[in-house]
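Below you'll find the structure, written out as structure tokens, and then a few comments.
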Amino acid sequence: MKKNHRVNNIIDIKIGLAGGLVMGVIVFVINYRSTGDPAGSTTAALKQGIYTFFFGGFIMKLCESLATRINPRILAVILAVIIPSFISLALTFGVHSMKGTPRPVESTIPTAIFVIPSTLVWGLMRRNKKERNPGEQENK
């Protein structure tokens, strides 16, 4: 019997948790090394970690959806990279532009570095899986 929870339909929980931890640590280090401010750096790290859990998990689920539902394949992969990446960068910068992050631009750079290759790899993996197993449901 397959589990089909509503949350799993809109957020990739595993990727959200892993991404939240990694990105939170990176943002803490960036801010702490440049400011020496543990409170501001912790605030930035917590915002990034929580943001990445929810929105990163959502972004990767959106990437999967675009990659598997659009034809032709090349258009699906292009859109699965461009749309989620743009949304992710805009939202990340917006979160860090709110009060509490000492270096908002610098705190957005890790997202820029990771989101494009991540969505490309994830989109291709999910599209390939769909093409190998066309009858399988998208949501696990």
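The values are calculated or read from the model by the stated rules, or taken from the named source; none is laboratory data. All values derive from a computational prediction rather than experimental measurement. Neighbour counts are summed over all protein chains in view; Cβ atoms, including those assigned to glycine, are modelled from backbone coordinates with ideal geometry. Only protein heavy atoms, including side chains, enter the accessible area calculation; ligands, DNA and RNA are left aside. Shrake-Rupley method; radii C 1.70, N 1.55, O 1.52, S 1.80 Å.
Table for the structure above
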{"quantity": "Qualifying positions in the stretch 54-87 - without any contact (Cβ under 8 Å) to a residue 40 or more places away in the chain, in a helix (DSSP H, G or I) and of a type in the set (A, V, I, L, M, F, W, C)", "calculated": "55, 62, 74, 75, 78, 79, 82, 83, 86, 87"}
{"quantity": "Criterion: within 18 Å of residue 115 (Cβ to Cβ), open to solvent by 50 Å² or more (accessible area, probe 1.4 Å), in a helix (DSSP H, G or I) and not hydrophobic (A, V, I, L, M, F, W, C) - qualifying residue of 47, 14", "calculated": "14"}
{"quantity": "Set 68, 52: member being touching a helix residue (DSSP H, G or I) at 6+ places or on another chain (Cβ under 6 Å) and closer than 24 Å to residue 131 by Cβ", "calculated": "68"}
{"quantity": "Residue selected from the stretch 92-131 under the condition small (Gly, Ala, Ser) and in a helix (DSSP H, G or I), by the criterion most open to solvent (accessible area, probe 1.4 Å)", "calculated": "97"}
{"quantity": "Residue within the stretch 22-37 that is small (Gly, Ala, Ser), buried (at least 22 other Cβ atoms within 10 Å of the Cβ) and either modelled with pLDDT of 90 or more or farther than 14 Å from residue 116 by Cα (or both) present", "calculated": "no"}
